[in-house]
Amino acid sequence: MLEIGSEQAVSSNSAPQATVVQAGRQQAKATLVTIATSLGIAILTVICSEWLARGSLIDISDYMLSPDRPGLVAAGIIFLLLLAGDALFGRAYQSALVIVPLTLLPAFFSGQKQLFLSDPLYPSDLLFGRQIMELLPVMVAAKPFTAVAISAATLATIGILAYLFVVSWKRFPRLNGISKLGRLLVALPVIGAFLSLMDATSYSYLRDRLNIIPMMWDQQENYRHNGFLLAFAFNAPMANVSAPEGYGSDAIADIPADRVPASFFSGRHADVIMVMSESLWDPTRLSNVGFSPDPMPTIRASQSGNVFSPEFGGMTANVEFEALTGFSNAFLPYGSIPYQQYVRRPLPSLATFFESKGYTSKAFHPFQSWFWNRANVYKSLGFDSFSSEENMPAMEKRGIFASDESLTREIMRVGDDTAEPFFFFAVTLQGHGPYEANRYASNTVELDEAVLSPQSRNTLATYAQGVREADKSLKTLMEWAKKRRRETIIVLFGDHLPPLGTVYPESGYMPDQVATRRAPLDVMKREHETPLVVWSSKRGVQKDIGSVSPAQLPSLVVKLAGYRHPYYTGVLGRAQERFTVFDRHLLVERNGKTQTDWAVNGTTLDPTIRDLRLLQHDMMFGNQFGVERFFPEMTDRLPDPSS
């Protein structure tokens with residue numbers, strides 16, 4: 001009896017222990033299941049983000065599985081974020097309802113952006129989300145059915161996410177304190193260590209071993225090799241601009257100045273009108289498409305050369321920045337937008353230069369003043385006033401955009417009312433894409449082609465009509481200038497090629513819908529040149545200017561007006577004598593010789609390019625050591641350093 005009683009006692013004591021062990025095993029199994037599921041969600045999220053960003057499944061398997069590509073690293077980071085997020089929410093899988101949409105949405109926008117522009121989505125693009133919203137009406141008009149489908153899908157997705165979030169509080173597995181602590185102890189240190197690797201300006205042994213290679217000089221390859229998520233993260237710190245090697249007061253002092261003082265040249269007090277025409281390009285470059293009549297006879301007869309645009313299909317403000325300041329985007333981080341990110345203090349420009357010569361300076365753009373931050377930027381660049389949609393007379397419209405003719409007549413009206421010499425800078429709007437078929441009541445330019453689809457033909461017909469009206473507006477402006485007593489200089493140029501979509505590959509002009517960023521010179525010219533007109537009412541067309549970067553336009557304008565300037569005709573002028581194009585990937589010498597990847601290949605910079613880079617950094621980000629020598633007109637505009 002005693003033995004039996006003892007055995008029963010042992011059995012009754014071991015039963016709770018077995019229950020505890022079994023419960024522990026079940027808990028461990030449940031934990032492994034949730035972790036494995038989170039890992040699966042992370043891998044699927046990366047695959048979907050790459051699919052959305054690339055627009056196809058091509059190369060994704062190689063990205064995820066190749067030991068030379070960091071696809072699994074990207075999945076690992078998403079996995080760790082899911083673990084940490086679940087710990088904070090207190091339930092398994094709940095963070096996926098936040099992290100997955102926030103991952104896939106930018107990837108989708110990146111894929112859509114690349115349908116119209118050359119570049120993927122950059123963090124800086126998020127700075128002008130309001131501008132995208134303002135352009136939605138024309139996008140809807142161009143593709144109404146697509147817009148309705150996207151809107152419906154967006155609303156459905158929001159509804160589903162909201163429903164799942166409510167349901168998740170009731171049905172998703174709750175995490176106990178140990179599980180939450182364990183997830184945080186594992187995830188947070190690794191995430192922190194990973195963030196320390198994302199400084200693209202410094203070498204990292206671990207990053208190199210993980211095959212994460214920041215290719216900031218070639219963003220297409222950067223996004224292809226590293227994937228959308230990692231490349232997007234690399235670009236996040238792009239607003240931090242480091243000083244060029246050797247920058248300092250001694251380096252600025254060593255830059256040679258003109259031997260003849262700029263004040264020796266008094267100029268002719270000619271009026272100057274610069275017109276940056278939205279998406280202006282010569283459509284007759286499409287060799288297998290005929291146009292009747294010629295959509296740009298005035299521009300063709302008066303063409304001085306071409307502008308070699310650093311952009312394609314958009315990013316107008318970057319071209320405008322170069323044309324007004326004589327500074328180059330080639331010296332700034334890839335994907336940056338100076339108007340949005342860097343113009344935070346008074347900067348020299350053609351406006352400040354001409355004002356120092358007794359001119360009044362006015363800017364014109366028939367859209368809202370906040371667009372591209374122009375209201376603030378124009379103040380920083382020294383314009384006396386800015387005429388925008390808010391304070392302009394009502395403009396005639398082409399579609400939803402103000403017509404070039406209306407803007408031209410407003411420029412002439414203000415010019416007639418201005419007694420003193422003036423510098424006017426205008427940005428047109430009519431040529432903005434997309435080019436919906438019903439923008440014009442009738443198209444007066446007929447197309448002769450047999451290679452385009454109906455949609456592409458409609459797009460090109462609308463665009464050609466816009467070019468014809470832009471050409472007529474230039475003719476009106478020139479005829480007005482000829483009748484004026486004071487000499488009038490007119491400079492007109494296109495900011496970039498238009499986003500014509502399938503017109504380019506269907507016509508054989510380009511293999512893709514967007515231009516390349518790195519290619520031989522003939523290809524780059526084909527995909528980046530826009531017409532340039534430099535004309536004087538007294539001196540006629542300025543011929544044989546060739547293909548020049550927008551940053552070189554201030555030098556041409558100042559010289560034609562009869563002035564000299566330490567920077568515009570001095571430092572910039574010397575660089576212009578040697579190089580015609582300053583592109584991020586391509587320097588083109590006057591003799592046609594090219595230097596590729598000059599900014600990143602470690603070679604010694606040509607002294608003229610080095611001086612441009614030093615002075616640009618000095619004025620935009622540095623201590624402005626060179627103000628008195630190279631930008632004397634700015635001395636009264638800058639804040640007192642002692643204040």
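The values are calculated or read from the model by the stated rules, or taken from the named source; none is laboratory data. Source: prediction; values computed, not measured. All Cβ positions, even for glycine, are placed from backbone atoms using ideal geometry, and neighbour counts span all protein chains on display. The area values use the complete protein model at the heavy-atom level, side chains included, leaving out ligands, DNA and RNA. Shrake-Rupley method; radii C 1.70, N 1.55, O 1.52, S 1.80 Å.
Things to note:
- The number of residues in region 360-378 being open to solvent by 10 Å² or more (accessible area, probe 1.4 Å) and either modelled with pLDDT of 95 or more or among the small types (Gly, Ala, Ser) (or both) comes to 4.
- Number of residues in region 84-112 that are in contact (Cβ under 8 Å) with a residue 24 or more places away in the chain and either in contact with a Gly (Cβ under 9 Å, 6 or more places away or on another chain) or over 30 Å from Ala30 (Cα atoms) (or both): the value is 9.
- Residue check, Ala441 more than 18 Å from Tyr509 (Cα to Cα), under 28 Å from the mean Cα position of the chain (by Cα) and surrounded by fewer than 17 Cβ atoms within 10 Å (Cβ to Cβ): no
- Near pairs, Cβ below 9 angstrom, 6+ apart or cross-chain, from region 64-75 (of a type in the set (S, T, N, Q)) to any residue that is surrounded by fewer than 18 Cβ atoms within 10 Å (Cβ to Cβ): Ser66/Asn211
- Residue satisfying all of: in region 501-517; at pLDDT below 90 and charged (D, E, K, R); nearest to Ala450 (Cα to Cα) among these: Asp512
- Strands (runs of 3 or more DSSP E) fully within region 271-366 counting 3 or more residues that are β-branched (Val, Ile, Thr): 271-277
- Among the residues of region 451-465, the ones that are in contact (Cβ under 8 Å) with a residue 40 or more places away in the chain, out of contact with any Asp or Glu (no Cβ under 8 Å at 6 or more places or on another chain) and not hydrophobic (A, V, I, L, M, F, W, C) come to 4 in all.
- Yes/no for Arg610 being on the phi < 0 side of the Ramachandran plot, open to solvent by 20 Å² or more (accessible area, probe 1.4 Å), at pLDDT 90 or above and assigned to a helix (DSSP H, G or I): yes
- Here is the figure for region 191-225: residues that are over 18 Å from Ser95 (Cα atoms) and either among the basic types (Lys, Arg) or at pLDDT 85 or above (or both) total 9.
- Annotation: Val523 fulfils all but one of (1) of a type in the set (Val, Ile, Thr); (2) open to solvent by 30 Å² or more (accessible area, probe 1.4 Å); (3) within 29 Å of Arg485 (Cβ to Cβ); the unmet one is (3).
Conditions tested, residue by residue: (1) crowded, with 21+ Cβ neighbours inside 10 Å; (2) of a type in the set (Ser, Thr, Tyr); (3) touching a helix residue (DSSP H, G or I) at 6+ places or on another chain (Cβ under 7 Å).
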position: Pro297; (1), (2), (3): no, no, yes
position: Arg300; (1), (2), (3): no, no, no
position: Val307; (1), (2), (3): yes, no, yes
position: Gly313; (1), (2), (3): yes, no, yes
position: Asn318; (1), (2), (3): yes, no, yes
position: Glu322; (1), (2), (3): yes, no, yes
position: Leu332; (1), (2), (3): yes, no, yes
position: Arg344; (1), (2), (3): no, no, no
position: Pro348; (1), (2), (3): yes, no, yes
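- Looking across region 30-63, the residues that are of a type in the set (Ser, Thr, Tyr), touching a residue at least 12 places away in the same chain (Cβ under 8 Å) and over 17 Å from Ile191 (Cβ atoms) come down to Thr31, Thr34, Thr37, Ser49, Tyr63.
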